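J.: Have a look at the structure that comes next, please.
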Amino acid sequence: MNLLKPADREALRRRFEKELVGDVTLTLFTTSRAGLALPGADCQTCEATQQLLEEVAALDPRIHLNVRSIVTDAEEARAAGVEGVPAILIGDDGQARARYYGIPAGLEFAVLVEDIVAASRADSGLKPQTRQALARLQHPVHIRVFVTPTCPYCPGVARLAHAMAQESDKIRADVVEAMEFPELADRYGVMGVPKVVLNETWSFEGARPEEAFLQYVLQASGVVEPAPQTKQ
């Protein structure tokens, strides 16, 4: 049984045909390989995530899906900094700084689609002044965005974080489905979504415009002095 409805598949196919420019690589780290579950490696959404990505990749020959096992490809997972499964890395090997942990279901599916289009066009979509500011980064910034599939504000925040990661090689952005990763959500005190954590130190809840989000990134990287109230 397909996860994407026929009308949705056709709409996506037409959009990809019109908007994709170059090839896009999606790498999925999961607990299964070729549809076979691995003993001792439980993941409730890995199978559905793989099926969803297979259906998306089948819509356009420029979308390539690589499936890796967190168990049998453990060394590759460690080298990529994968922290859990399912994990979707968007971009070519070594350039996949935009990641999604969990199944991009519900409203979050739009984030995956926008990520694919942006990666294919090699265009983050950020404003010129944001791009200029990100070019000044000297130190790495790790962004975590906690989301849920039904949150109407989460996709915009998630996509903005991924856009910054696509724009700057100093940024890695992990979008985390909070209900699938409750231990991570507890660790970072997620009480509501979207919640953004930068470099384990700075955080905020709720949607922010691009300019405000950028200020947090610049603070986390040490480019600008932080405002006292933004520190946890």
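The values are calculated or read from the model by the stated rules, or taken from the named source; none is laboratory data. This structure is a prediction, so every number in the text was calculated from the model and none was measured. A quick note on method: Cβ atoms are made from the backbone with ideal geometry, for glycine too, and the neighbour counts reach across all protein chains shown.
J.: Tell me, yes or no, whether the stretch 12-25 has at least one residue that is modelled with pLDDT of 95 or more, part of a strand (DSSP E or B) and of a type in the set (Phe, Trp, Tyr).
T.: Applying the first criterion (modelled with pLDDT of 95 or more) to the stretch 12-25 yields 12-25.
In the following step, the residues that additionally are part of a strand (DSSP E or B) were identified as 24-25.
Narrowing the set further to residues that are of a type in the set (Phe, Trp, Tyr) leaves none.
So far as the stretch 12-25 goes, no, none of its residues is modelled with pLDDT of 95 or more, part of a strand (DSSP E or B) and of a type in the set (Phe, Trp, Tyr).
J.: Could you check residue 180 against (1) part of a loop (DSSP other than H, G, I, E, B); (2) over 21 Å from residue 84 (Cα atoms); (3) not hydroxyl-bearing (Ser, Thr, Tyr) and say which number it fails?
T.: All conditions pass for residue 180, except number (2).
J.: Somewhere in the stretch 197-218, is a residue in a helix (DSSP H, G or I), assigned by TED's automatic domain parsing to the domain that holds residue 129 and among the basic types (Lys, Arg)?
T.: No, the stretch 197-218 has no match at all.
J.: I'd like the residue in the stretch 46-103 that is hydroxyl-bearing (Ser, Thr, Tyr) and surrounded by 23 or more Cβ atoms within 10 Å (Cβ to Cβ) and, out of all such residues, is nearest to the chain's Cα centre (by Cα). Full working, then the answer.
T.: Narrowing the stretch 46-103 to residues hydroxyl-bearing (Ser, Thr, Tyr): 49, 69, 72, 100-101.
Restricting the remaining residues to those that are surrounded by 23 or more Cβ atoms within 10 Å (Cβ to Cβ) gives 49, 100-101.
Numbers: 49: 14, 100: 3, 101: 7 Å.
The selected residue is 100.
J.: Let me ask something else. Hand me the list of helices (runs of 4 or more DSSP H) wholly inside the stretch 45-144 holding 1 or more residues that are among the aliphatic types (A, V, I, L, M), within 22 Å of residue 171 (Cβ to Cβ) and touching a residue at least 60 places away in the same chain (Cβ under 8 Å). Spell out how you get there, then give the answer.
T.: Details: elements: 46-57, 74-80, 109-121, 128-134.
Counting at least 1 such residues, we get 109-121, 128-134.
J.: Now, a different point. Identify, by number, the condition in (1) touching a strand residue (DSSP E or B) at 6+ places or on another chain (Cβ under 9 Å); (2) outside any strand (DSSP E or B); (3) among the acidic types (Asp, Glu) that residue 186 doesn't meet.
T.: All conditions are met except number (1).
J.: Just name the residue that is nearest to residue 108 (Cα to Cα) out of those in the stretch 145-166 that are surrounded by fewer than 21 Cβ atoms within 10 Å (Cβ to Cβ) and not β-branched (Val, Ile, Thr).
T.: So, considering only residues that are surrounded by fewer than 21 Cβ atoms within 10 Å (Cβ to Cβ) and not β-branched (Val, Ile, Thr), the one nearest to residue 108 (Cα to Cα) is 149.
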